[in-house]
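The values are calculated or read from the model by the stated rules, or taken from the named source; none is laboratory data. Model, not experiment: these values are computed from the prediction. Note: ideal-geometry Cβ built from the backbone for every residue, glycine included; neighbour counts use all protein chains shown.
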Amino acid sequence: MSASTEWQTELVEVADGVFAYVQATGGLCISNAGFIVGENDVVIVDSLFTRSMNREFQAQIRRVTSKPVSRLINTHHHVDHTLGNGLFP
């Protein structure tokens, strides 16, 4: 699914209810994220760098499920994976 005119993205279901949000190019501050849809809620794995990246990521989550986000897990401290943390509940 194309998410932005600035970078290409793709939402890939890698297992039942497990999604990778892959941003192509690997340029500066362009990273990947993901989410897991559980029985009652959603767990996010990493947030993204900019507000617009996170808005599109959240829109993709909502296309898959209306379940609430309950947790956000960061794989490491780099800002391309953490700067958008405050944009999630």
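What to note about this one:
- Entry remark, the range 76-89: residues being among the aliphatic types (A, V, I, L, M) and either outside any helix (DSSP H, G or I) or on the phi > 0 side of the Ramachandran plot (or both) number 1 in total.
- SER47 vs. criteria in contact (Cβ under 8 Å) with a residue 24 or more places away in the chain and loosely packed, with under 13 Cβ neighbours inside 10 Å: no
- Cross-chain or 6+ apart pairs with Cβ under 9 Å, the range 1-27 first and under 18 Å from ASP46 (Cα atoms) and at pLDDT 70 or above, then of a type in the set (Asp, Glu) and not in a strand (DSSP E or B): THR9/GLU56; TYR21/ASP46; TYR21/GLU56
- Enumeration of residues in the range 43-72 that are under 11 Å from the mean Cα position of the chain (by Cα) and among the hydrophobic types (A, V, I, L, M, F, W, C): VAL43, ILE44, VAL45, LEU48, PHE49, MET53, PHE57, ALA59, ILE61, LEU72
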